[in-house]
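Trainee: This is the structure I have questions about; it appears just below.
The values are calculated or read from the model by the stated rules, or taken from the named source; none is laboratory data. Predicted, not measured: the structure shown is a model, and the values here were computed from it. Don't worry about glycine lacking a Cβ; one is built from the backbone with ideal geometry, like all the others, and counts go over all protein chains shown. Protein only, heavy atoms only, side chains kept; ligands, DNA and RNA dropped before computing areas. Shrake-Rupley method; radii C 1.70, N 1.55, O 1.52, S 1.80 Å.
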Amino acid sequence: MREFPQTYEQEALWIADRFLGDPSPFLETWAQRILGPLDVPALERALAALVARHAVLRSGFDLGDDGPVQIVDPAGTVPLERLPWPGGELDPDDLFGTLRRAGQRPLDLTVSPARFTLYDRAPDEHVLLLQIHHVAVDDASLVLLDRELSALYTEETGGAPAGLEPPALLLGEHAVRARAAGIDPADLAFWADFLAGAPALTQLPPRPRPLAARRGSACDTVRTTVPAALGDAVRAAARALRTTPHVLMSTCMAVTAAAVDSEDVVIGTPVSRRGEPDLDGVLGCLTDLLPVRYRVPADADFATVCAAAKRRSLDVLRHRNVPYARLGGGVGRTRGVLSGAHLGRICLVLDQSPSRLELPGLRCERVHVGGAAAKFDWLQYVVADGGGWDVRADYALDFFTPDEAALFLRQWLTALAAASADPGVPVRDLFDRLAATA
C-alpha cells in the first residue's frame, strides 16, 4: 500500500461528502449501450487492464494522521458485476430511469471509488455502467476512459495491440507536488477583489417566486436540444464577438438569471488544472468549477455584456489555481471569499468534442444519465451533437418544479437565439422576450 495526501480538489469533495447523506451528489455515471455480439470475457480483461493502469481506481479515501489521504492498493481490483436488466420496457425513459437509480447506489470510498456493472438488456444488447465518485474522475478522464478501453478491448479480441504508454505519474504524486507548491497569495488576492461585494442569488429563473430556505439533495433532469441551424448561428456570433460559444452561452444564462434577480450574477464555469504534460494520461479529478461574475445592466447591449464576460473569464483562467472550496473556506480551514449561497447556484458546462467508445464489431451509444443528487441549484450540460448540441440540466427539486425547469431552458434558448441573431440586441429587449416566453 502507498499513502498520499488527497489533491485539493479531492479533499474538498471528500469532506463535503462526509456531511451529506445518500445518494451523494458527487456520484458520476458513465454508461454505454452496446449493440452486437459483445465478448464479455474480453471486456473483463480489458477493464482489469484499465484498473491496473490507473491507481485512482485502486485507491481508498480515508482520514490519515495528517488529514485526508488516498491509499493505493497495488493489487486492487474493480470487479465487473453482471446483472439482468432491472427495468421494464425497452424505451428511452426506462433506460434513463433505470440507470439513474443504479447510479444512486452508495460507494464505500474507503474501499474503492468505482463500480462496473454490465446489464444484459436483450439478446445482443448490453448496458455497461461505470459508477464512479467525482474524487476519481473528471470530464478529461472520461475521454481517456473511452480511448483506453477501446484500445484494450480491441487488443483482447485479437485486434491491434493497445500500445498505451503507462501514466507518467500517480495522482497522489501530483497531490504531493501541488501541496508543496502551495497557493499563490497573488491568486488569493485576485479572488478577494474579484468577488468583493458579490450578492447572493436570491431569485432563480424562470420567474420570481419564494424559494426554500435550504436546498435538499433531491433532483431531476430536464432535456432539450440546440438545433443545428441555431448551433451554426451561435458559432458565427461567437466568431463575430471574438469569443467562444461557452462564453456566449454562459452570458445568455447570466441574462436569464438577471431578468429575475440583480444585474450582478455569478455563474459557475469549469476549469482544468491539468496543464502539465505528465498529467495528460492520468485518470482523476483535476477539474474544478469556479465562479465567473457577470454584470448585466438593462441599459447595455448583449455584445458589451459578452465582451466584459470574456475578459472576466480570461482573468479567472489566469488565476484558476485556487481551489473552489478555498473560496468558500473549505480547504485549510481558512475563511473563504464567498459563502455557498453565492457559489453553489447556477453552472454551465460545455463539451464541444465528446469522445466515443469504439469497440470492434459493436455499436456503442453513450447514455447521459441525470445526477444522483443535486450538486447545485441548476447544473446545465451542453454536449456537441453534429451541428447542434444536446442539452440537459440537473435541477434541485426544492427550487424548481418540472414545468419551471422546462421553462428555464426555453428562456435560455430564447436568449441564445436572439443574441446569436443580433449580438447588438439591447439587454432590456432580451428581458422582455424572456418574460413573454411560454
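Yes/no matrix, rows are residues, columns are (1) within 30 Å of Arg100 (Cβ to Cβ); (2) among the aliphatic types (A, V, I, L, M); (3) modelled with pLDDT of 90 or more:
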residue: Asp232; (1), (2), (3): no, no, yes
residue: Cys252; (1), (2), (3): yes, no, yes
residue: Val260; (1), (2), (3): yes, yes, yes
residue: Gly268; (1), (2), (3): yes, no, yes
residue: Cys285; (1), (2), (3): yes, no, yes
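Residues checked against (1) modelled with pLDDT of 95 or more; (2) closer than 18 Å to Asp288 by Cβ; (3) more than 23 Å from the chain's Cα centre (by Cα):
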residue	(1), (2), (3)
Ala16	no, yes, no
Phe26	no, yes, no
Ala31	yes, no, no
Leu38	yes, no, yes
His54	yes, no, no
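Trainee: Kindly indicate which of Ala417, Ala435 is within 19 Å of Arg235 (Cα to Cα), assigned to a helix (DSSP H, G or I) and either under 20 Å from the mean Cα position of the chain (by Cα) or of a type in the set (Gly, Ala, Ser) (or both). Before the answer, list the steps.
Mentor: Numbers: Ala435 fails: within 19 Å of Arg235 (Cα to Cα).
Within the list Ala417, Ala435, the selection yields Ala417.
Trainee: On the basis of being at pLDDT 95 or above and out of contact with any strand residue (DSSP E or B) (no Cβ under 9 Å at 6 or more places or on another chain), does Pro297 make the cut?
Mentor: Numbers: at pLDDT 95 or above: yes; out of contact with any strand residue (DSSP E or B) (no Cβ under 9 Å at 6 or more places or on another chain): yes.
Criteria met by Pro297.
Trainee: Continuing with this model, one more query. Condition first: modelled with pLDDT under 90, in a loop (DSSP other than H, G, I, E, B) and surrounded by fewer than 19 Cβ atoms within 10 Å (Cβ to Cβ). Now tell me which residues in the stretch 339-367 satisfy that. Break it down stepwise before answering.
Mentor: Filtering the stretch 339-367 down to residues modelled with pLDDT under 90 leaves 339-345, 352-354.
Narrowing the set further to residues that are in a loop (DSSP other than H, G, I, E, B) leaves 339, 344-345, 352-354.
Hits for the stretch 339-367 are Ser339, Gln352, Ser353, Pro354.
Trainee: If you don't mind, another one. Exactly one condition in (1) assigned to a loop (DSSP other than H, G, I, E, B); (2) open to solvent by less than 50 Å² (accessible area, probe 1.4 Å); (3) modelled with pLDDT under 95; (4) out of contact with any helix residue (DSSP H, G or I) (no Cβ under 6 Å at 6 or more places or on another chain) is not met by Ala198; state its number.
Mentor: Looking at each condition in turn, Ala198 falls short on (4).
Trainee: Related question: Taking the criterion of being under 23 Å from Leu38 (Cβ atoms), touching a helix residue (DSSP H, G or I) at 6+ places or on another chain (Cβ under 7 Å) and of a type in the set (A, V, I, L, M), would at least one residue in the stretch 137-149 satisfy it? So that I can check it myself, show each step before the final result.
Mentor: The initial filter retains those residues of the stretch 137-149 that are under 23 Å from Leu38 (Cβ atoms), namely 142-149.
Retained after the next criterion (residues that are touching a helix residue (DSSP H, G or I) at 6+ places or on another chain (Cβ under 7 Å)): 148-149.
Filter once more, keeping what is of a type in the set (A, V, I, L, M): 149.
Checked against the condition, which is being under 23 Å from Leu38 (Cβ atoms), touching a helix residue (DSSP H, G or I) at 6+ places or on another chain (Cβ under 7 Å) and of a type in the set (A, V, I, L, M), the stretch 137-149 yields at least one hit.
Trainee: Same structure, new question: Got at least one residue in the stretch 81-103 being basic (Lys, Arg), open to solvent by less than 60 Å² (accessible area, probe 1.4 Å) and at pLDDT below 95?
Mentor: Within the stretch 81-103, the first condition is being basic (Lys, Arg), and the residues that meet it are 82, 100-101.
Narrowing the set further to residues that are open to solvent by less than 60 Å² (accessible area, probe 1.4 Å) leaves 100.
Restricting the remaining residues to those that are at pLDDT below 95 gives 100.
Yes, the stretch 81-103 contains at least one residue that is basic (Lys, Arg), open to solvent by less than 60 Å² (accessible area, probe 1.4 Å) and at pLDDT below 95.
Trainee: Only one of (1) of a type in the set (A, V, I, L, M); (2) within 22 Å of the chain's Cα centre (by Cα); (3) crowded, with 20+ Cβ neighbours inside 10 Å is not met by Leu152, so which one is it?
Mentor: With (1) of a type in the set (A, V, I, L, M); (2) within 22 Å of the chain's Cα centre (by Cα); (3) crowded, with 20+ Cβ neighbours inside 10 Å applied to Leu152, the lone miss is (2).
Trainee: What number goes with the only condition from (1) closer than 22 Å to Leu50 by Cα; (2) not in a helix (DSSP H, G or I) that Arg121 does not pass?
Mentor: Condition not satisfied by Arg121: (1).
Trainee: Oh, and also: Would you check which residues across the stretch 380-406 are open to solvent by 10 Å² or more (accessible area, probe 1.4 Å), out of contact with any Ser or Thr (no Cβ under 7 Å at 6 or more places or on another chain) and not hydroxyl-bearing (Ser, Thr, Tyr) and list them? Walk me through how you get there before you give the answer.
Mentor: Going through the stretch 380-406, the residues open to solvent by 10 Å² or more (accessible area, probe 1.4 Å) turn out to be 381, 383-387, 390, 392, 394, 397-399, 401-404, 406.
Cutting the leftovers down to out of contact with any Ser or Thr (no Cβ under 7 Å at 6 or more places or on another chain) gives us 381, 383, 385-387, 397-399, 401-404, 406.
Within the stretch 380-406, Val383, Asp385, Gly386, Gly387, Leu397, Asp398, Phe399, Pro402, Asp403, Glu404, Ala406 qualify.
Trainee: Same structure, new question: With the requirement that a residue be in contact with an Asp or Glu (Cβ under 8 Å, 6 or more places away or on another chain) and among the hydrophobic types (A, V, I, L, M, F, W, C), what does the stretch 148-189 give you?
Mentor: Ala162, Leu164, Ala168, Leu169, listed by residue number.
Trainee: While we're looking at this one, here's another question. Does Thr77 satisfy the condition of being open to solvent by 30 Å² or more (accessible area, probe 1.4 Å) and among the β-branched types (Val, Ile, Thr)? Before you say what the answer is, go through the steps one by one.
Mentor: Numbers: open to solvent by 30 Å² or more (accessible area, probe 1.4 Å): yes; among the β-branched types (Val, Ile, Thr): yes.
It is true that Thr77 is open to solvent by 30 Å² or more (accessible area, probe 1.4 Å) and among the β-branched types (Val, Ile, Thr).
Trainee: Of the residues Leu129, Leu169, which single one is among the hydrophobic types (A, V, I, L, M, F, W, C) and buried (at least 17 other Cβ atoms within 10 Å of the Cβ)? It would help to see each step written out before you state the result.
Mentor: Values: Leu169 fails: buried (at least 17 other Cβ atoms within 10 Å of the Cβ).
When all the criteria are applied, what remains is Leu129.
Trainee: Looking only at residues in the stretch 104-122 that are open to solvent by 30 Å² or more (accessible area, probe 1.4 Å) and touching a His at 6+ places or on another chain (Cβ under 9 Å), which one is nearest to Pro37 (Cα to Cα)?
Mentor: Among those residues, the one meeting the criterion is Asp120.
Trainee: Looking at (1) touching a residue at least 40 places away in the same chain (Cβ under 8 Å); (2) closer than 27 Å to Ala303 by Cβ, can you tell me which one Phe399 breaks?
Mentor: For Phe399, the failing item is (2).
Trainee: Testing Ala75 on (1) closer than 14 Å to Thr29 by Cβ; (2) of a type in the set (A, V, I, L, M, F, W, C); (3) out of contact with any Pro (no Cβ under 9 Å at 6 or more places or on another chain), one condition comes back false. Which one is that?
Mentor: It fails just one condition, (1).
Trainee: Go through the stretch 181-218 and give me each residue that's under 29 Å from Arg273 (Cβ atoms) and of a type in the set (Val, Ile, Thr).
Mentor: Across the stretch 181-218, the qualifying residue is only Ile183.
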